[in-house]
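Report on the following structure.
The values are calculated or read from the model by the stated rules, or taken from the named source; none is laboratory data. Keep in mind that this is a model prediction, so the values were computed, not measured. Here the Cβ is made from the backbone with ideal geometry for all residues, glycine too, and neighbour counts use every protein chain on show. What goes into the accessible areas is simple: the full protein's heavy atoms, side chains included, and nothing from ligands, DNA or RNA. Shrake-Rupley method; radii C 1.70, N 1.55, O 1.52, S 1.80 Å.
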Amino acid sequence: MDETINSKGIKIIGFILSIMAGWIDTMGVKLFLKQRSSSITGRGHLLGYFAYKLDCKMFISIALIVISFIAGAFISTKIAERMGLVGSLSLTGILILIVSIPFVFQHLILCIILIPMAMGCQNAGTSLTEIKRTTHLTGASTDMGINMARGNWGIVRFWLYRLFGFPLGSLIGFNLANLANRNIVSISATLMIPAIIIILTGILQDIFLEIPILKE
């Protein structure tokens with residue numbers, strides 16, 4: 001595989017998956033969880049807040065999001081070590097497809113488990129490769145600042161894709177959530193589309209790029 005082609009492919013795959021993460025995260029906030037599912041930092045803050053407020057119900061709900069994200073990362077790692085990135089991304093898409101089933105998304109507890117699990121799955125799968133983190137911007141923003149200071153503009157451009165991708169996905173998610181709330185589009189469709197894109201991204205990268213799982 002030509003190194004230049006592979007490098008560009010990694011940037012594009014990371015960009016696409018960041019869009020999907022922003023899309024799914026926003027759908028989760030607007031339609032299901034009322035909480036972010038693609039990153040855990042804010043959930044840590046809320047765990048402390050609800051512990052302070054002695055709100056056991058909300059504390060357990062937030063803890064379940066954290067645990068589900070970790071579980072997704074755990075399962076994704078096991079699958080990636082056997083099947084590669086295509087396995088992790090396929091599982092991510094399948095989890096979102098399950099949420100798109102009306103019976104499932106009508107039960108909040110299932111959404112609280114499955115949506116963060118999918119995000120943990122995707123983030124672990126890409127983190128095991130040169131694509132790196134795709135479901136949040138904290139690490140990307142930090143690495144951009146570090147490498148801007150050092151003049152490593154190639155790395156800055158690498159992370160710039162994520163900085164554009166996630167907000168773009170969020171914009172799509174907000175628009176679709178608004179349309180779903182007005183019954184213009186179905187909730188199922190708003191979830192099925194990113195799920196299928198994630199699965200196809202995994203398959204196509206496996207065929208054309210074969211992005212490897214990095215050794216420890």
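Overview of values
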{"item": "Filter pass, Ala71 being under 25 Å from Phe158 (Cβ atoms), modelled with pLDDT of 95 or more and surrounded by 15 or more Cβ atoms within 10 Å (Cβ to Cβ)", "result": "no"}
{"item": "Test: residue in the stretch 178-193 that is at positive phi and not in a helix (DSSP H, G or I)", "result": "yes"}
{"item": "Candidate set from the stretch 160-187 (those that are buried (at least 16 other Cβ atoms within 10 Å of the Cβ) and of a type in the set (Val, Ile, Thr)); member that is nearest to Gly22 (Cα to Cα)", "result": "Ile172"}
{"item": "In the stretch 78-97, residue farthest from Ile198 (Cα to Cα) [restricted to those that are surrounded by fewer than 18 Cβ atoms within 10 Å (Cβ to Cβ) and not basic (Lys, Arg)]", "result": "Glu81"}
{"item": "Selection within the stretch 113-158 - surrounded by 13 or more Cβ atoms within 10 Å (Cβ to Cβ), in a loop (DSSP other than H, G, I, E, B) and of a type outside the set (Lys, Arg)", "result": "Leu128, Thr129, Glu130, Ile131, Thr134, Thr135, His136, Leu137, Asn152"}
{"item": "Residue check for Val86: in contact with an Asp or Glu (Cβ under 6 Å, 6 or more places away or on another chain) and under 19 Å from Ile13 (Cα atoms)", "result": "yes"}
{"item": "Residue tally, condition under 26 Å from Ile155 (Cα atoms), over 11 Å from the mean Cα position of the chain (by Cα) and open to solvent by less than 80 Å² (accessible area, probe 1.4 Å), over the stretch 5-60", "result": "8"}
{"item": "Residues satisfying the stated conditions in the stretch 121-165, i.e. within 14 Å of Ile40 (Cα to Cα) and out of contact with any Ser or Thr (no Cβ under 7 Å at 6 or more places or on another chain)", "result": "Leu137, Gly139"}
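The rows are residues; the columns are (1) closer than 13 Å to Thr201 by Cβ; (2) of a type outside the set (Gly, Ala, Ser).
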site	(1), (2)
Met20	yes, yes
Val29	no, yes
Leu33	no, yes
Ile40	no, yes
Gly44	no, no
